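Before any comments, here is the structure.
The values are calculated or read from the model by the stated rules, or taken from the named source; none is laboratory data. It should be emphasised that the depicted structure is a prediction, and the values quoted were computed from it without experimental measurement. All Cβ positions, glycine included, derive from the backbone under ideal geometry; neighbour counts span all protein chains shown. Ligands, DNA and RNA are excluded from the accessible area calculation, which covers all protein heavy atoms including side chains. Shrake-Rupley method; radii C 1.70, N 1.55, O 1.52, S 1.80 Å.
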Amino acid sequence: MAHRRIGIVMHGVTGRIGTNQHLVNSILAIRREGGLPLSNGDRLMPDPILVGRNVEKLQALAATTGIERWTTDLDAALADPQDEIFFDSAYTATRPALARRAIAAGKHIYLEKPVAPTLEEVLDLRRAAEAAGVKHAVVQDKLFLPGLAKLRLLKDQGFFGRLLSVRIDFGWWVFDGEQVPAQRSSWNYRLADGGGLVLDMFPHWRYIMEGLFGRPTSVTCHIRTAQPHRRDERGRPYTVDVEDEARALLELEDGVVAEINASWANRVRRDDLLTITAEGTLGSAVAGLHRCVVQPLSTTPKPVWNVDVPAAQDLYAQWAPVPDLLPLKNSYRMAWEAFLRHVAEDGPNRASLIEAAKGLQLIEACHASHRERRWIDLPDLGG
Ligand SMILES: NC(=O)c1ccc[n+]([C@@H]2O[C@H](COP(=O)([O-])OP(=O)(O)OC[C@H]3O[C@@H](n4cnc5c(N)ncnc54)[C@H](O)[C@@H]3O)[C@@H](O)[C@H]2O)c1
């Protein structure tokens, strides 16, 4: 068994998702376990260099993680041929320009979603990456969540029979910063910075739909700014110029209908912050991030509708949990492992930039649907 090093330029990892998920739970976790096992028995050891704008933040992150290489000079990092991969999890607005620089420097690119604000830009990036002969992928972590893996298992076992409908309920209350500080960065609520709930979350809904239930073929969507006034990280008031709520209805292949209800202005009374409900002729399931419960046809009760007395049935008790049969690993790490194997040994890549493009296609269709108050078709982009 040999150890093989792989250098990764990690940009934007001082941010929330970059530090917690990509660096600590993924790259550092792989390093701690002695590298990623490859199919020939070798182990691939990721060697990150942390890149950002703020020296103090970088120094602090380097100190807490034990990563020795860091810099504020992205050009110098990109110029180093020892680092093969460029990764970006900084705020959304700068991503396409950064990715273009990385491609020009011959790096393989792995990018947080959304890859770019428009479909055209994602397709341009893909063309550039293909022309340069570099590998490319977008972060698609959610399919690796235990709750969603259970849904996949159920589907593969034929649990649902004929799939009828799907519902995604997502969100929680994001404070406006008046009395209680907001728990999300202010750029998320500004158009120029790549904010907006549809751009933020619909990339996930797109690959979850196709990965689990079927390709979306058309969409109608209503968006709204529920909280137009917020205060930023320093307490300064600003006006929100993007949506913080979106309600979409999608038609999928094979006649399945999907609803999406996503909001930064709702208070949660359901099983999890994200729940996915799938209804089928032979059974239904509700998955959260980790747990999943089912109600097969064989145990489906006949509910009693009675307007005269409070409900006697405990409707939640009529569902059974799906046990934890599959090995548990952090979902971002699973996505990293797939990309690293794709780069190191040409392993399969289910998250190339054409998949990112499908997300942007849905995003643009949602905005167009709201603007024009009509259904929008989603032609197959292939891939
Ligand atoms: N895969 C997922 O489920 C998932 C989850 C959360 C966030 N994300 C994506 O990751 C990216 C970062 O999100 P986050 O929640 O970590 O955000 P964050 O605000 O915590 O971090 C943003 C990072 O971008 C950097 N940055 C660079 N230029 C900036 C500028 N001009 N203004 C503000 N910040 C700037 C910040 O220093 C920071 O490191 C976003 O593109 C977001 O869509 C993906």
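Given Lys57/Lys113; Lys135/Lys329; Lys107/Lys142; Lys142/Lys358; Lys107/Lys135, which pairs have Cα atoms separated by over 20 Å?
Values: Lys57/Lys113 23 Å; Lys135/Lys329 24 Å; Lys107/Lys142 25 Å; Lys142/Lys358 16 Å; Lys107/Lys135 8 Å.
With Cα atoms farther than 20 Å apart: Lys57/Lys113; Lys135/Lys329; Lys107/Lys142.
Once the Cα atoms are used to define both axes, helix 331-345 deviates from the longest principal axis of the chain by about 50 degrees. Just checking the listed ones, Glu121, Glu56, Glu68: in the Gaussian network model of the chain with Cα springs under 10 Å, the one fluctuating most is Glu56. With all protein chains in place and a 1.4 Å probe, the accessible surface of the chain carries 53 percent carbon and sulfur.
Length gained on full extension, Arg32 to Met334: 107.2 nm, using 0.36 nm per residue less the C-alpha separation. In percent, rounded to a whole number, the relative contact order of region 311-383 is 18, using alpha-carbon pairs under 8 Å and six or more apart.
If packing is taken as the average count of other Cβ atoms within 10 Å, what order do 284-293, 374-383 fall into, highest mean first?
Numbers: 284-293: 20.7, 374-383: 12.1.
Top to bottom by mean Cβ count within 10 Å: 284-293, 374-383.
Between Leu153 and Asp42, the FRET efficiency from the beta-carbon distance, with R0 = 30 Å, is close to 0.45. By the Cβ distance rule (another cysteine Cβ under 4.7 Å), the unpaired cysteines of the chain are Cys292.
In terms of its Cα atoms, region 283-360 spans 64, 32, 21 Å along the principal axes, sorted from long to short. Over region 168-220, Cα pairs under 8 Å with separation of 6+ residues give a relative contact order of 14 percent.
Return the percentage of antiparallel bridges among DSSP beta bridges fully within region 34-189, rounded to the nearest 5 %.
Working: 2 of 11 bridges.
Around 20 percent antiparallel, to the nearest 5.
Relative to the Cα centre, the charge distribution of the chain, modelled as +1 at Lys and Arg Cβ and -1 at Asp and Glu Cβ, gives a dipole magnitude of about 420 debye. Take each peptide in 352-363, 211-222, count the other Cβ atoms within 10 Å of every residue, and average; sorted highest first, the result is 352-363, 211-222.
In terms of the mean number of neighbouring beta-carbon atoms within 10 Å, the peptides 226-236, 94-104 order highest first as 94-104, 226-236. The amide H of Gly283, built 1.01 Å from its N in the peptide plane, has Leu297 as neighbours under 5 Å, considering only residues 5 or more places off or on other chains. Annotation: average projected area of region 156-251 is 7.5 square nanometres, based on the convex hull of Cα atoms across all directions. Ordering Ala192, Ile276, Gly161 by the projection of their Cα atoms onto the charge dipole of the chain, which places +1 on the Cβ of Lys and Arg and -1 on the Cβ of Asp and Glu, puts Ile276 at the extreme positive end.
Under the rule of -39500 (n - 2.57) per DSSP H run of 4 or more residues, summed and divided by the residues of the chain, what mean residue ellipticity at 222 nm is obtained, to the nearest 500 deg cm²/dmol? Could you put the intermediate results ahead of the total?
On the way: 9 runs with 103 residues, N = 383.
Result for the chain: -8000 deg cm²/dmol, rounded to the nearest 500.
Taking only Cα atoms, what is the 0 to 90° angle, nearest 10, from helix 119-132's long axis to the longest principal axis of the chain? It is inclined by approximately 40 degrees. Note on the chain: Rg/Rh from C-alpha atoms, Kirkwood Rh, equals 0.98.
The Cα atoms of region 256-298 give a gyration tensor whose axes a ≥ b ≥ c have a/c of 1.5 or more with a/b no greater than b/c, which makes the shape oblate.
Between Pro181, Pro48, Pro203, which gets the highest mean-square fluctuation from a Gaussian network model of the chain, Cα cutoff 10 Å? Of Pro181, Pro48, Pro203, the most mobile in the Gaussian network model is Pro181.
Could you give the dipole magnitude of region 36-86 about its Cα centre, charging the beta-carbon of Lys and Arg +1 and that of Asp and Glu -1, in debye to the nearest 20? Walk me through the numbers before you get to the answer.
Working: 4 positive and 9 negative charges, 48 e Å.
The dipole of region 36-86 has a size of about 220 debye.
At the listed q of 0.14, 0.19, 0.20 Å⁻¹, the Debye profile of region 109-165, built from one uniform point per Cα, gives log10 I(q)/I(0) equal to -0.61, -0.76, -0.78. Against the chain, whose longest principal axis is taken from its Cα atoms, helix 197-208 shows a tilt of about 80°. Of Val307, Ala246, His229, whose Cα points farthest to the positive end of the dipole of the chain (charges on the beta-carbon: +1 Lys, Arg; -1 Asp, Glu; origin at the Cα centre)? Among Val307, Ala246, His229, the one farthest towards the positive end of the dipole of the chain is Val307. Here the relative contact order of the chain, from alpha carbon pairs under 8 Å that lie six or more residues apart, stands at 19 percent. The phi torsions of region 246-251, fed into the Karplus equation with coefficients 6.51, -1.76 and 1.60 and a -60° offset, translate into couplings of 8, 10, 10, 10, 10, 9 Hz, rounded to whole numbers, with Gly and Pro shown as x.
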